[in-house]
Amino acid sequence: MDSPAHPVSLQVKDLRKSFYGVPAVDGVGFDVVGGEIHGLLGENGAGKSTLCSMLAGLYRPDSGSIVLDGDTVQLRSPDDAAARGIGMVYQHFRLVDSFTVAENIVLGDAAAFGRKARRGVEERVEQLAAEYGLEVHPSAPVWQLSVGERQRVEILKQLFRGARILILDEPTAVLAPHESDRLFEAVRLMVATGHAVVLVSHKMQEILGHTDRVTVLRAGRNAGEGVTNSLTTAGLATMMFGSTYTGASDDEPRALHTPGDDVLAVNGLQVTGDHGRTAVDSVSFSVRRGEIVGVAGVSGNGQRELHEAIAGLRSSTEGSVTIDGHDCSKLGPKQRHAAGLAYIPEDRLGTGLAPGLPIEHNMVLRSFSRRPHSRAGWLSSAAIAKTSARLVRDFDVRGARDGMPVSFMSGGNLQKAILARELTEHHEVLVAAAPTRGLDLAAAEAVRNHLHRERDSGRGVLLFSEDLAEVLDLSDVVLVMFKGRVVGSFARPDVDIEQIGLLMTGAATDEPTSAT
Amino acid sequence: MNDSVIVLSIASAIVAGTPILLAALGEIITERSGVMNLGVEGMMLVGAVAAFWCGVHTGSLTLALLVGGLAGAGLSLIHAVLAITLRVNQTVAGLSLVIVGSGLSAFLGSVGSSPLLEAPNGVDVSPLLPDWMADLPLVGPILFGHDVVVYIAIAAVAFAARVLYHSAFGLSLRAVGEDPAAADAAGLHVVRMRYLATTIGGFCAGIGGAYLVLAVLGTWQSGLTAGAGWIAVALVILAGWRPWLALIGAYTFGALRGLGFTLQIAQVDIPSDFLTMIPFITAYVVVVAVSASPTRARRVAAPAALGEPYRREQR
Amino acid sequence: MSGIPALFDRVVVTPRAQPSVSLRAGVPLLSLLAALAVGAVILVATGADPFEAYRTMFDASLNGSAAIERTLTYATPLILTGLAAAVAFRMRTYNIGAEGQLFMGAIAGSWLALALPEDLPAPLMLTAMLLGGALAGVLWAGFAAVPKAFLGTDEIITTLMLNFVALAFMNYLIFGSMSFWRDPSRPVPQGKQIPDSAVLPAISGRLHLGFAIAVVLAVLIWLLLRSSTFGFRIRTIGDSHRAARYAGIGVPVATLAVMSISGALAGVAGAIEVSGVTNRLDPKALAIELGYTGIVIAAVARLHPLGVVPVAVLLAAITTAGGSMQSIGVQVEVVVLLQGLIFLSVTAGEFFVTNRIGLRPGVVAAEGSGL
């Protein structure tokens, strides 16, 4: 299984897939053979994930063909794809949290079950893990594992099931830098044993550094391809964004700000997570007016619990949260909002917005019980419609229609709707959790501009993001979270990227590092 | 000694608890796959009327149980279509099943010149094991004096517990109920598994109803389950979705239902209406107590995707 | 043979962004007809003539003023239990306990009617009865509402268990004891007759004022849900608990409030039945699944308070016709069967309201696409 008799080959020809009449993949083709890494590069929304899902047998293509080892195949289900040797490692892992590593690996593979067989499974898993440098403990439950370990389980699972073609969808999106390096070492070992690897990413450097050939996608179509060695950053950028692209925004001069008073102060905060364990462990920091504080960290290290506790959605067991001078430690979300907190939750649909309700309802989610939206307990639909129309216009929210549930709108427009509501109301500090996740380039850029504007207008911003580059790009102060603690704090210009990467995975010392 | 109140009460509790046990076991299997079927009461009623009809006409216990089970499975298939394929609200779908089941059973139970009103004389629900075993002191009546269905139910619990935790099928079933997206990506057929689990649940509930009418009550009467199906649904929560705990719980409820008989012999004077209330009050108190427990055992035990329809091509 | 699976493969289901009004009203109506059609098939299977059966039903419940009065009288408690279910279900709080809350309302209402001085002016007496019934419904619902609000206890189980307890309690009062409610002058267990001042006045023939009260309550509930901040809270919670908490809405308080409204409506229904129809605490006449039928009504009306009224009348028409079916050789039980079929069919119909069915490739209409 490790070295196939003849090199495996996969050709994808003119694949198309639409959702609700909107094409997501609109004619894409590429090919990959055993022993090489093929990069699929494109920005968010270029159709990469949909393409992957079709190769994994999860979505059925509307048209086009997939040719495996010279035969045109119909991938009817994930089972079918797996049986043909196509293994998919999703960006959002598909593991059953309450099961062990070994149980997840044998899931869907009846032959590997049974008590005797299970012992064999654990041996085989350990053998594969050693071979590719992907150590995990086969009997550990998945919910206890770190993000990096979960990814290893996903890869092992595919190798265990005999995958010859591995598709990695944005594998480094949630990894710390040195974890990414370790992943690519494993990938190289796989290629050396005859596997074909498709690396899907929106990061140009990653594609340039680790692939043999590249296919670039733009708006669901092929936008260029070539041998990696012959390509440059500029060339790839033109393919990705079109000829009008004028370079990344981090080149623009950064205005110098003198931060003001503390507008958000967190002191000794202690929060219990969903599994009953301490998720946020005596965290203290402050956000001043006119600065963006970014929280870096591998997801699952207490960031979610921290921002939920600041917003009042989760109770803290100890410590205090002070918003614009008011002690809000014991207050609910409404009072914290009144004290000057605007909050963009991680979960846009479901927390930030009520998915099944129309835009007018959602635009006044925070203010429906106040004038002019209601009087003495009765709603004024005219005032609500007026507010909603104004916010939609001012923040260029598109795709909303009267009475239509907001869940039918795109991610970018949902985020704009939340921003519109949160930034229009009185506030002194903005807490934004993963505000650009999953957005296309233009929408993400719009969100970042809003964050800049907030800072420039003298408010404070606390930014949480899994994307380290984004945190570094936007923040004046970078905090690093690991296992519920703030393990490092760096103020511009003394930001040490390497040190941050190590802190993110607990590789550095336990002592909090500070360059402030 | 074997005629003592305690021994007879325990023996009758096991018989009275068996229909609840069968229904609860079926519902555990269904819910483990992520489908919540509140229609147990309806499936039991339909199973009961079908089994009674079959028992009267054929006199065969095996055939009657089988027909009862198939009737329950047939009704559960409606729930499967509504909940899994059409993805309607599972609570509402389950309630509609109860009302259809009680309507259908009441209607069928009154059709024609009603052979149904006759008792199923031919159906043999006599003890399975030889008399000398049933006559053993103490353990005889409690352990060995029962008909075959009681033992089948216990065997089914053992089998289900084994399958759930120690087989590929059980692992797949639980995966589908915990995280259907992960199960789907692993190549499992989520829809197929859920249909199967729902149908098994309906089959078990149907047999439960069949046993109730054939062995426990002996005659058909419209609405004869009198809440037994709902007790079974509550029991699934109380047992934390675990088969063996469901067995203990079902026998306890069987004992509570038979309490009147026990107290009568013990010459305690309690109005019969209060005796009727006891199982329901017990279920209420225990459900509240479980949700109040600091460990939140209930939430940890519940399948993570319970009641949530799965849709693959979602964007 | 392979044609059908291939066809299934091509079926594409897409959620509908905005079901039109005609769809929202039309699909339940079609579902209703479908249920009647299935009912007809079952009738044929049992040797009856479905056309004759349905015509008999129509004559018995809707043809002539006496029949209409009877139907509307029967619809009165159903409107209230239908509203009770609709209000709670809107917030995805599944109060299945209207049945028991109705019994408790009837017990409290009849107690007040018997305990208060007989010569009390009728308006006072009736107000006391209805408020007492409502309060009893609220308290009984509270046994499920308080654990639900503060511990997250599953309300479906608790309300159901409480239904059985309430039924047994009501039976005890009349059949199991010589309670205050029981008429001591009769050897056969029966409730004491309430005084004339406690009897709801008639609107027309047998139809009593309770029907008007129920319709007014339906309008009030509709206004409350549509135009009040309370309705806004309920809609938000019903859609997403997390979004509601984010918006600063207190979910436990709203749960208590909604369960109280729901329980009060069911409790009033019980008091009205005693006052307008049974004139005594009569377990046999009250335990006719009015609460459970309310759930069917709420579902068919798609939880719309104004929709509850016509749907309740329709189901009342089917039910009151049950007795007349005997004359043409069809069992009374066909009525429960029809109710079940209607519920089922409307539940299934919900899918076609909220989804669009198409065939791939390329035939999926673009209307559902939001940018």
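Values in this text are rule-based calculations from the coordinates and carry no lab data. For clarity, every value in this text was computed on a predicted model and none was experimentally measured. Here Cβ is always computed from backbone atoms with ideal geometry, including for glycine, and neighbour counts include all displayed protein chains.
Could you tell me the distance between the Cα centroids of segment C:93-129 and segment B:1-66, to the nearest Å?
39
For segment A:36-174, what log10 I(q)/I(0) values come out of the Debye formula at q = 0.16, 0.17, 0.19 1/Å, with one point per alpha carbon and no solvent?
Debye intensities relative to I(0), on a log10 scale: -0.88, -0.98, -1.18.
So for C:Val332, B:Val213, B:Val236, fewest C-beta neighbours within 10 Å to most, what's the order?
In order of increasing Cβ crowding within 10 Å: C:Val332, B:Val236, B:Val213.
Please express the Cα-Cα pair-distance distribution P(r) of chain B as a list of whole percents, one per 10 Å bin, running from 0 to the bin with the greatest distance.
Binned Cα distances yield the sequence 7, 26, 34, 23, 8, 2, 0.
What number do you get for segment C:239-352 when its Cα radius of gyration is normalised by 2.2 N^0.38 Å, N = residues?
Working: Rg = 17.8 Å, N = 114, 2.2 N^0.38 = 13.3 Å.
Output field value: 1.34.
Separation of segment A:319-334 and segment C:68-91 by C-alpha centroid, Å?
Going from one Cα centre to the other spans 46 Å.
Tell me which aspartates and glutamates have Cα within less than 16 Å of C:Lys192's Cα, excluding those fewer than 8 residues away on the same chain?
C:Glu118, C:Asp183, C:Glu273, C:Asp282
Calculate the FRET efficiency for A:Arg390 and A:Gln335 from the Cβ-Cβ distance with a Förster distance of 30 Å, rounded to the nearest 0.05.
0.70
Post the alpha-carbon centroid distance, segment C:241-319 to segment B:169-200, in whole angstrom.
37
Over chain A, what is the percentage of antiparallel beta bridges among all DSSP beta bridges, to the nearest 5?
Percentage antiparallel, nearest 5: 55.
Residues of B:281-293, mean number of Cβ from any other protein chain within 10 Å of their own Cβ, rounded to a whole number?
Other-chain Cβ atoms within 10 Å of each residue's Cβ, averaged: 5.
Using every Cα-Cα pair within the protein assembly as shown, state what percent have a distance larger than 58 Å. Please report the intermediate quantities before stating the final value.
Values: 151358 of 721801 pairs.
Across the protein assembly as shown, Cα pairs with separations above 58 Å total 21 percent.
Below 18 Å, Cα to Cα, which lysines can A:Lys386 reach? Residues fewer than 8 away in the same chain don't count.
Answer for A:Lys386, where 18 Å is the Cα cut-off: A:Lys416, listed by chain and number.
A:Gln270 to A:Gln499: extension gain in nm, 0.36 nm per residue of separation minus the Cα-Cα distance? Walk me through the numbers before you get to the answer.
Details: separation 229, 0.36 × 229 = 82.44 nm, distance 2.55 nm.
Taking 0.36 nm per residue and subtracting the Cα distance, the gain is 79.9 nm.
Order of C:Ile342, A:Ile165, C:Ile221 from fewest to most other C-beta atoms within 10 Å?
C:Ile221, A:Ile165, C:Ile342
Give me the lysines in straight-line cross-link reach of A:Lys17: C-alpha distance below 16 Å, same-chain residues under 8 apart excluded.
Counting by Cα, and skipping residues close in sequence, A:Lys17 has these lysines nearby: A:Lys48.
What FRET efficiency would be calculated for the residue pair C:Ser228, A:Ser63, taking the C-beta separation as r and a Förster radius of 45 Å, to the nearest 0.05?
Computed FRET efficiency for C:Ser228 and A:Ser63 comes out at 0.30.
Only counting other Cβ atoms within 10 Å, I'd like A:Phe368, C:Phe211 sorted with the fewest neighbours first.
Starting with the residue having the fewest Cβ neighbours, the order is A:Phe368, C:Phe211.
Counting each DSSP H run of 4 or more residues in chain B as -39500 (n - 2.57), what helix-only mean residue ellipticity at 222 nm follows after dividing by all residues, to the nearest 500 deg cm²/dmol?
On the way: 14 runs with 207 residues, N = 315.
Per the formula, -21500 deg cm²/dmol.
Let's test the formula: R0 of 60 Å, r as the Cβ-Cβ distance of C:Leu33 and A:Glu36. What FRET efficiency results, to the nearest 0.05?
0.45
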